[in-house]
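Worksheet: the structure to be examined is printed underneath.
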Amino acid sequence: MKNTIFWIFTLIAGIATAQICPKRCLCQNLAPSLAILCAKTGLLFVPSVIDRRTVELRLTDNFITIIRRRDFTNMTRLLHLTLSRNTISLITPHTFADLRGLRALHLDNNRILSMGDEQLKGLLNLRHLILSNNQLNTISPGSFHDFVGTLEDLDLSYNNLVEIPWQTISKLTNVNSLSLDHNLIEFVPGGVFTNLHKLARLDMTSNKLKTIPPDPLFLRIPVYAKSKGSPLSSLVLGFGGNPLHCNCELLWLRRLTREDDLETCASPHNLLGKYFWSISEEEFMCDPPVVTHHSGHSFVMEGEGVVLKCKAVGDPEPSIHWVSPEGKVFSNSSRAISYENGTLEISITMVRDSGSFTCIASNTAGDATASVELSVSPLPHPSNTSQRGHRLDRGPSDILIQAKPGSSQNESNSHSERKVITAQLSHNSAVVQWFLDRNIPGIRMYQVQYNSSADDSLIYRMIPPNNQSFLLNDLAPGREYDLCVLAVYDDGMTSLTATRVVGCAHFSTKDEVGQCQPLHTQFLGGTMIIIIGGIIVASVLVFIIILMIRYKVYSGQEEGGKARVSNVYSQTNGQQALACANSCAKLTGAFEELPLSTDFTTEEKALRGVCGTISKPDQGSDHTGKQRMDLNI
């Protein structure tokens, strides 16, 4: 009995399993492998009715555009997934998170543009990843992180890749085949293949490589052009279809044993179009660098920026770096940036930067150097001025003058009124003028330095030598300022730049009162607009009310005229009264013909009363007056 029940449940389970198969798909339910084949079935999405115990799933040649997280949920037994030749352009993050046992993933011949860190997350045992014939232009460095130690086959061919995550590639220690052909790769870093001990096939054909750096892996094992006939412990290397620059950098590759000569040189000009393997080693030459241009002697003030340039030519193109006067190689920092084109930009110079900078151009064939002189003039400080003995202790202001908060204003004016004058003072600006009491030869510029008595920061302004006035802006309102003007000139006795104080001044900015006036005016103008608008609105309302009252009065008079008609003649031009009188005469005659005992209605009595009050004009020529018609009943 127990055996019968067991077989019944087994049969039911088998029937249920057989029913879980997508339409138009071929399902193979042979234990232990469960495969679902849905090739060329016109699918737009991954089928939702898929047995979660499936081991192999093929969805090739369909029209799937997106794969989502729920498409492969709980499919922990899946080993082989093929999504080739669809129109997939989007893979949502963590789509393959449950496919921990997946070994092969085929995504070739789709429309994938980029691969991020989360798209391939969870593939811990992946061996084969095929991404060829897509539109890939970027691959995140962390996209292969989960299977970097297990991947054996990586195919990125026929894409639009310019940059490859080389650091990730260098960690694929278990990779056997690496296909990077038919991309836009321009550069391969040296030593990137050193740790790929199991690499047997490297395809870099049809890229934009001008050179291939020598790698210890290439020198350690034999390199062949074709896999057929090559020993197992060898590397099949393909690099044809690249614009190779055949100079001494590729001499190592020329010395390798090859069976074909399909690669050609794109440069230099004398080797253009020649087969790589037919060129003798003597023709793979390099030219040492030569410095063709560099900056001359530069003069700057301390704190200013400077740009030093150096250009060199050679084959291969030389790299340029700079050495400071202290003998240190310049590296990029917040103060100095060294560019690949040989330009050194120092944003803030220091006195210790004075000296000879060395430009070093180097390539495979040798080095070349050039010197660039830089002179940094120190900013004027109290230690090198004539007023060293008059400097007071450091206080709120750092200006070298006697006019400090608390000192006599007359002393400050007497000290500076002949040399430095401040005029046109406002709450945020002032005009400074200075006069030289004697001629100072070789003035390169004037320097205006000032600060507020309530501020420790010292502000410098450089003025051309042909100006003797300057407008100070962005001052704080209601502040006291200390200011000095210095002349920067060339010392005739030495080659250094000297400074001399022209004069100093002390002034105060006005309080910020003027800004309230426009605000008050704006308020006043707005109030006047509101008042005038109110008057206009009130006038319109009054006019409307008057019209309404007149309309009511006129309507009341009209209704009263309908109820009681009197003095009709006075409101007409005479013709209407005459017609009414004729009508009333006819009515009167009609009434008179009736017997006296006739009873009249109320309307008839009213009509007789109206007609009785109308004066009928005489039709005869000898009556000029008006005759009253009295038709009283």
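The values are calculated or read from the model by the stated rules, or taken from the named source; none is laboratory data. Owing to the predicted nature of the structure, the values given are computational and were not obtained by experimental measurement. Cβ coordinates were reconstructed from backbone atoms using ideal geometry, including for glycine residues, and neighbour counts include every protein chain displayed. Keep in mind that these areas ignore ligands, DNA and RNA; they rest on the heavy atoms of the full protein, side chains included. Shrake-Rupley method; radii C 1.70, N 1.55, O 1.52, S 1.80 Å.
Around Leu44, what is the net charge, scoring Lys/Arg as +1 and Asp/Glu as -1 over all other residues with Cβ under 14 Å from its Cβ?
Here the charged neighbours net out to +2.
Take the Cβ-Cβ distance between Val300 and Lys274 as r, set R0 to 51 Å, and report the resulting FRET efficiency rounded to the nearest 0.05.
0.50
Once every Cα of region 104-186 carries one equal point scatterer and solvent is ignored, give the base-10 log of I(q)/I(0) from the Debye formula at q = 0.13, 0.15, 0.24, 0.25 Å⁻¹, two decimals.
Here log10 of I(q) over I(0) equals -0.34, -0.46, -1.33, -1.45.
Taking 0.36 nm per residue of separation and subtracting the Cα-Cα distance, what length does fully extending Met285 through Val351 add?
Going from the current span to full extension adds 19.3 nm.
Kindly write out, for region 40-57 in residue order, the coupling ³J(HN,Hα) from the Karplus curve 6.51 cos²θ - 1.76 cosθ + 1.60 (θ = phi - 60°), rounded to whole Hz, with x marking Gly and Pro.
6, 10, x, 5, 9, 9, 5, x, 7, 9, 10, 5, 5, 8, 4, 9, 10, 10
In this model, which of Lys121/Lys210; Lys40/Lys210; Lys40/Lys121; Lys40/Lys208 are farther than 31 Å apart at the alpha-carbon?
Check vs 31 Å cut-off fails for Lys121/Lys210; Lys40/Lys210; Lys40/Lys208.
Can you send over the solvent-accessible area of Leu107, 1.4 Å probe, protein chains only, in Å² to the nearest 10?
Looks like 0 Å² after rounding.
Quick one: net charge around Lys311, please, counting Lys, Arg +1 and Asp, Glu -1 for every other residue with C-beta under 13 Å from its C-beta.
Residues close to Lys311 contribute a combined charge of -1.
Please list Ile544, Ile320 from largest to smallest accessible area, probe radius 1.4 Å, with all protein chains kept in place.
Ile544, Ile320
Suppose we take every Cα in region 149-274 and form the convex hull; what volume per residue is that in Å³?
About 101 Å³ per residue, rounded to a whole number.
Quantify how much of the Cα-Cα distance distribution of region 285-324 extends past 11 Å, in percent.
Result for the distance tail: 71 percent.
Please work out how much accessible surface His80 shows to a 1.4 Å probe, ignoring ligands, DNA and RNA, in Å² rounded to 10.
My reading of the accessible area for His80 is about 60 Å².
Please list, in order along region 159-176, the HN-Hα scalar couplings obtained from phi with the Karplus expression 6.51 cos²θ - 1.76 cosθ + 1.60 (θ = phi - 60°), rounded to whole Hz, x for Gly and Pro.
Computed from phi, the couplings for region 159-176 are 10, 10, 7, 9, 10, 10, x, 4, 4, 6, 4, 5, 9, 7, 5, 9, 6, 10 Hz.
Could you check how much of the accessible area of region 231-334 is carbon and sulfur, as a whole percent, using a 1.4 Å probe?
C and S atoms contribute 53 percent here.
Considering only protein heavy atoms, what is the solvent-accessible area of Arg70 at a probe of 1.4 Å, reported in Å² to the nearest 10?
So the heavy atoms of Arg70 present about 150 Å² to solvent.
Using the Cβ atoms and a cut-off under 13 Å, what net charge is assigned to the surroundings of Ala370, where Lys and Arg are +1 and Asp and Glu are -1?
0
As an exercise, find the ratio Rg/Rh for region 234-330 from alpha-carbon atoms, using the Kirkwood inverse-distance average for Rh.
That ratio is 1.21, to two decimals.
Kindly state, to the nearest 0.05, the FRET efficiency for Arg24 paired with Glu163, given R0 = 35 Å and r defined as their beta-carbon distance.
0.25
Need the full-extension length gain, Arg255 to Thr92, defined as separation in residues times 0.36 nm minus the C-alpha distance. One decimal, nm.
53.9 nm
What's the FRET efficiency of Thr364 with Asn125 using the Cβ-Cβ distance as r and R₀ = 30 Å, to the nearest 0.05?
0.10
Once phi is turned into ³J(HN,Hα) by the Karplus curve 6.51 cos²θ - 1.76 cosθ + 1.60 with θ = phi - 60°, what whole-Hz value does each residue of region 212-218 show in order, with x for glycine and proline?
10, x, x, 10, x, 5, 5
Let me see the P(r) profile for region 324-371: every Cα-Cα distance counted, bins of 5 Å, each bin given as a percent of all pairs.
Calculated over all Cα pairs of region 324-371, the distribution is 5, 18, 27, 28, 13, 6, 2, 0 percent.
Quick check: with the 1.4 Å probe, what order do Phe299, Phe435 take by accessible area, largest first?
These residues rank, largest area first, as Phe299, Phe435.
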